[in-house]
1. Mind checking whether some residue in the stretch 6-28 is touching a Phe, Trp or Tyr at 6+ places or on another chain (Cβ under 6 Å), modelled with pLDDT of 95 or more, within 16 Å of the ligand (Cβ to nearest atom) and within 19 Å of Thr107 (Cβ to Cβ)?
2. Can you work out which of the residues in the stretch 236-266 that are within 16 Å of the ligand (Cβ to nearest atom) and over 18 Å from the mean Cα position of the chain (by Cα) is surrounded by the fewest Cβ atoms within 10 Å (Cβ to Cβ)?
3. Scanning the stretch 153-170 for residues that are of a type outside the set (A, V, I, L, M, F, W, C) and open to solvent by less than 60 Å² (accessible area, probe 1.4 Å), which turns out farthest from Lys210 (Cα to Cα)?
4. When only residues in the stretch 267-279 that are closer than 21 Å to Pro204 by Cβ and away from the ligand (no atom under 14 Å from the Cβ) count, which is nearest to the chain's Cα centre (by Cα)?
5. Looking only at residues that are charged (D, E, K, R), more than 12 Å from the chain's Cα centre (by Cα) and in a loop (DSSP other than H, G, I, E, B) in the stretch 31-58, which one is farthest from Thr250 (Cα to Cα)?
6. Looking only at the stretch 205-228, which residues are out of contact with any Phe, Trp or Tyr (no Cβ under 7 Å at 6 or more places or on another chain) and either closer than 16 Å to Asp51 by Cα or open to solvent by less than 50 Å² (accessible area, probe 1.4 Å) (or both)?
7. Suppose the filter is within 16 Å of the ligand (Cβ to nearest atom), polar (S, T, N, Q) and either within 29 Å of Phe90 (Cα to Cα) or surrounded by fewer than 18 Cβ atoms within 10 Å (Cβ to Cβ) (or both); does Thr173 pass it?
Amino acid sequence: MIRWIAALCVCFATVVVADDRPNVVVILADDLGYADLSCQGSKQAKTPNIDTIATNGIRFTDGYVSCPVCSPSRAGLLTGRYQQRFGLEFNPRPEAEHFGLPVDQVTIADVMKKAGYATGMIGKWHEGNEPQFHPNRRGFDEYYGFLGGHHPYIDFKNIVRNETPVDDSGYLTDAFGREAVAFVDRHKSQPFFLYLAFNAVHTPLQATQKYLDRVPDIRAPKRQKMLAMLSAMDDAVGELLKKLDDEKLTEKTLVIFLSDNGGETPSNASRNEPLSGIKGELLEGGIREPFMVQWKSHIKPGQVSSVPIISLDIFPTVAAVAGAAVPENIDGKNLKPLLTGESNAQVHDALYWRYGTQSAIRVGDWKLENFKLTGRRLYNLKDDLAENHDLSAADPDRVQQMQAMYDQWNSQNRPPKWAGKEKEDAGEH
Ligand code: CA
């Protein structure tokens, strides 16, 4: 009898309990214009797959990132912290030694890995080339992509799988889509976290004939190439979403899509209308992005929200969905109550930006900017989305109040770890 009970106990102890925690996929586009998805109103862009994330879930009209250029923006997303907290204010300059996301910062992948998720990253890293900064050392079990800020798409080289160079060929965006599908296939039986960071539609503008043929009526060469690259990214997203469907994982997978910064119109012919400004600027066109979230079992389809949110919110939201603990020092807020309809309240008292000589704060519909070139300006975004009518002289009390809030926030920031040149940063990276 005792032997029988002992055997039963051993049996129960080895029963594997199914882990039903949701999967999480974060899809990041690069330099995508606010207006350049069909679900954002574009008549030229054909993005049927990306659009389904919005139609199946919630699209945010006022979704922001924390910097108008690549590396600092991605650092904010990965840490849930304003990246000025740890000095990553600018893209790397050639003279920046030991450039990278400081190793004392906890990433979203660290937290998900610790919670028992399979963690993978595919695509553009741009958080340091040195070994200590490698995605495999920042919480990602698996990595496929390139470490720098931009990369050729055709006849690509210098791609690594984890830390080993691989000799792949083809079109880079296709490869990222293929790898995303393969990652899901490898981990479909366990909770996974995938960060799929495209470099599309960042320069160089390179597209294959297959994708160019989809936009035959676009005569401007830059615009045609960008839209073709976008179509390739849409295909890759479509393959990933189809894989989730095929594996019956769609209901239990949270999918987030956004861009790392606004479109850089001069170089990639992207469009940010009706917003003013482009990549590299703290005008809305540099920092307000296409931003949408799908989670079919929890989010009602077809919603559009104007509640201001920011990429920093992804970290605590994803952690909440996974039941994982978050560091106390993060700035992002858990969006789960907003996503699931539990709450429609504002998430942030204020959103803040600092990028070299530019600073900005948004409180409600009001935005106060201070740019070296144009001085201090106050806009009401509800009435003046294009930021054309400066109201600072008419409302000095509000200017003072918002400036005080900004100063308080900024007092907790560190100086940049390396020098940056804002406009050059935007153009080169
Ligand atoms: Ca970018």
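The values are calculated or read from the model by the stated rules, or taken from the named source; none is laboratory data. Everything quoted here is computed from the prediction, not taken from an experiment. Note: ideal-geometry Cβ built from the backbone for every residue, glycine included; neighbour counts use all protein chains shown. Please note that ligands, DNA and RNA were not included when accessible areas were found on the heavy atoms of the full protein model with its side chains. Shrake-Rupley method; radii C 1.70, N 1.55, O 1.52, S 1.80 Å.
1. Looking through the stretch 6-28, at least one residue is touching a Phe, Trp or Tyr at 6+ places or on another chain (Cβ under 6 Å), modelled with pLDDT of 95 or more, within 16 Å of the ligand (Cβ to nearest atom) and within 19 Å of Thr107 (Cβ to Cβ).
2. Pro266
3. Asn162
4. That would be Arg271.
5. So, considering only residues that are charged (D, E, K, R), more than 12 Å from the chain's Cα centre (by Cα) and in a loop (DSSP other than H, G, I, E, B), the one farthest from Thr250 (Cα to Cα) is Lys43.
6. Within the stretch 205-228, Leu205, Ala207, Tyr211, Leu212, Val215, Ile218, Arg223, Gln224, Met226, Leu227 qualify.
7. yes
Residue by residue, here is whether (1) in a helix (DSSP H, G or I); (2) open to solvent by 10 Å² or more (accessible area, probe 1.4 Å); (3) within 16 Å of the ligand (Cβ to nearest atom); (4) in contact (Cβ under 8 Å) with a residue 24 or more places away in the chain holds:
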{"position": "Glu281", "(1), (2), (3), (4)": "no, yes, yes, yes"}
{"position": "Gly285", "(1), (2), (3), (4)": "yes, no, yes, yes"}
{"position": "Phe291", "(1), (2), (3), (4)": "no, no, yes, yes"}
{"position": "Val304", "(1), (2), (3), (4)": "no, yes, no, yes"}
{"position": "Asp313", "(1), (2), (3), (4)": "yes, no, no, yes"}
{"position": "Val318", "(1), (2), (3), (4)": "yes, no, no, yes"}
{"position": "Val321", "(1), (2), (3), (4)": "yes, yes, no, yes"}
